[in-house]
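Working notes, structure below.
The values are calculated or read from the model by the stated rules, or taken from the named source; none is laboratory data. Please read these numbers as outputs of a predicted model, since none were measured by experiment. Quick reminder, even Gly has a Cβ in these numbers, built from the backbone with ideal geometry, and neighbours come from all protein chains shown.
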Amino acid sequence: MKFEEGDVVLCKVVRIEEASVFLEVEGEMKGSMFMPEVAAGRIRNLRDYVSPGRVVVCKVLRVYPDHLELSLRRVTAKEREAALERYKREKRLEKILELAGLDGKKIIREIKNQTDFEEFFDEVWSNPELLKKFVPKEKFEQIANSVQQKAEKEKILRRKVKLSCSAEDGVERIRAVLATAQDKTTITYAGSGTFFITAKGESLKELDHLLERTLEELRKTASKRDVSFEIVKGKAN
């Protein structure tokens with residue numbers, strides 16, 4: 001699994017030493033976080049914010065060959081919500097695999113190493129065929145049926161957009177554009193100036209309308225702020 005600066009990742013707190021927190025990132029990489037990146041303002045006790053064994057959502061600040069430098073305070077509420085929702089879907093799939101007698105954690109690691117895992121965990125519920133290369137042939141039908149049963153309870157739609165701005169305050173302008181997204185959607189950074197806009201619910205028709213309204217609002221705001229806006233065609237659609 002490849003990590004980049006700006007990625008929002010799920011981490012498990014391993015230990016706390018003085019003014020530093022050490023974490024396990026996505027189950028496979030070591031990470032560290034200094035006290036100023038835990039929360040804004042003065043921190044009297046790190047354990048008021050993090051504790052060993054707790055799962056937290058962090059942002060990657062720097063990537064090194066053997067570890068990542070992380071931040072907790074730089075994660076927005078929407079980013080945290082989206083990451084935790086992805087974590088729930090990941091655990092849901094892991095449980096389905098284990099009920100079929102397979103090593104769920106091992107298969108999840110393989111999926112993360114071989115795919116764009118955020119897209120995978122979104123799309124697998126509507127396209128169980130994606131699991132074929134990761135599970136034994138004799139187990140596939142059982143697993144696919146379980147996945148479809150879970151998917152019927154909740155629908156997920158997602159669009160991918162690309163934003164760019166060459167102005168000195170381009171980052172702030174892009175943030176302002178994204179801030180206009182509908183409350184019932186979540187936004188996650190996908191790298192290289194692209195973002196996923198995700199909506200969840202029971203009606204695909206309503207979700208589609210919600211995303212279309214959101215994209216139109218983003219497009220209008222981007223135009224006003226001289227930000228380039230593009231809907232990326234592909235699997236996210």
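Consider VAL25 carefully, then state whether it is buried (at least 19 other Cβ atoms within 10 Å of the Cβ), under 24 Å from PHE195 (Cα atoms), in contact (Cβ under 8 Å) with a residue 12 or more places away in the chain and of a type in the set (A, V, I, L, M, F, W, C).
Numbers: buried (at least 19 other Cβ atoms within 10 Å of the Cβ): yes; under 24 Å from PHE195 (Cα atoms): yes; in contact (Cβ under 8 Å) with a residue 12 or more places away in the chain: yes; of a type in the set (A, V, I, L, M, F, W, C): yes.
So VAL25 passes the test.
Specify the residue that is modelled with the highest pLDDT; the eligible residues are those in region 116-129 that are over 14 Å from GLN149 (Cα atoms) and not aromatic (Phe, Trp, Tyr). Before you say what the answer is, go through the steps one by one.
If we filter region 116-129 for residues that are over 14 Å from GLN149 (Cα atoms), which is where we start, we get 116-123, 129.
Applying the additional criterion that residues be not aromatic (Phe, Trp, Tyr) yields 116, 118-119, 122-123, 129.
Numbers: ASP116: 81, GLU118: 77, GLU119: 81, ASP122: 78, GLU123: 83, GLU129: 93.
Per the criteria, the residue is GLU129.
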Revision key, fill the gap. Considering region 142-170, residues that are of a type outside the set (S, T, N, Q) and exposed (fewer than 11 other Cβ atoms within 10 Å of the Cβ), and then whichever is modelled with the highest pLDDT, we arrive at GLU168
Study note, to complete from the structure: Flagged in region 1-18 as exposed (fewer than 15 other Cβ atoms within 10 Å of the Cβ) and out of contact with any Phe, Trp or Tyr (no Cβ under 6 Å at 6 or more places or on another chain), in numbering order, are LYS2, GLU4, GLU5, GLU17, GLU18
Review point. So how many residues does region 122-180 have that are among the acidic types (Asp, Glu), without any contact (Cβ under 8 Å) to a residue 40 or more places away in the chain and closer than 18 Å to LYS88 by Cβ?
Key: 1
Point to revise | Residue list for region 104-122, filter: buried (at least 18 other Cβ atoms within 10 Å of the Cβ) and of a type in the set (Asp, Glu) | key: GLU118, ASP122
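Out of region 160-200, which residues are of a type in the set (Lys, Arg) and more than 19 Å from ARG74 (Cβ to Cβ)? Give the derivation first.
Initially, region 160-200 is screened for residues of a type in the set (Lys, Arg), giving 160, 162, 173, 175, 184, 200.
Passing the criteria: LYS160, LYS162, LYS184, LYS200.
Here are ARG54, ARG62: which of them is without any contact (Cβ under 8 Å) to a residue 60 or more places away in the chain, within 22 Å of the chain's Cα centre (by Cα) and farther than 21 Å from LEU84 by Cα? Full working, then the answer.
Numbers: ARG54 fails: farther than 21 Å from LEU84 by Cα.
After ruling out the rest, the residue left standing is ARG62.
With region 1-115 as the region, which strands (runs of 3 or more DSSP E) entirely inside it contain at least 1 residues that are within 30 Å of GLN142 (Cα to Cα)? Working first, answer last.
Details: elements: 8-17, 20-25, 29-34, 55-63, 68-71.
Of the strands (runs of 3 or more DSSP E) lying wholly inside region 1-115, those with at least 1 residues that are within 30 Å of GLN142 (Cα to Cα) span 8-17.
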Check your understanding: Given (1) over 30 Å from ALA100 (Cβ atoms); (2) in the same structural domain as ALA82 (by TED's automatic domain parsing); (3) not acidic (Asp, Glu), where does ILE174 come up short, assuming only one miss?
Key -> (2)
Exercise for review: For region 100-115, indicate whether the set of residues that are in contact with a helix residue (DSSP H, G or I) (Cβ under 9 Å, 6 or more places away or on another chain), modelled with pLDDT under 90 and hydrophobic (A, V, I, L, M, F, W, C) is non-empty.
Suggested key: no
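Can you name the residue in region 116-140 that is among the aromatic types (Phe, Trp, Tyr) and assigned to a helix (DSSP H, G or I) and, of all such residues, is farthest from VAL9 (Cα to Cα)?
Of everything passing the filter in region 116-140, PHE140 is farthest from VAL9 (Cα to Cα).
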**Study point:** Odd one out for GLU230 among (1) within 25 Å of VAL75 (Cα to Cα); (2) touching a helix residue (DSSP H, G or I) at 6+ places or on another chain (Cβ under 9 Å); (3) of a type outside the set (Ser, Thr, Tyr); (4) modelled with pLDDT of 90 or more
**Key:** (2)
Practice item. May I ask you to list pairs of residues, at least six apart or on different chains, whose Cβ atoms are under 7 Å apart, with the first in region 84-97 being surrounded by fewer than 20 Cβ atoms within 10 Å (Cβ to Cβ) and the second being of a type in the set (D, E, K, R)? Key: ARG92/LYS150; GLU94/LYS105
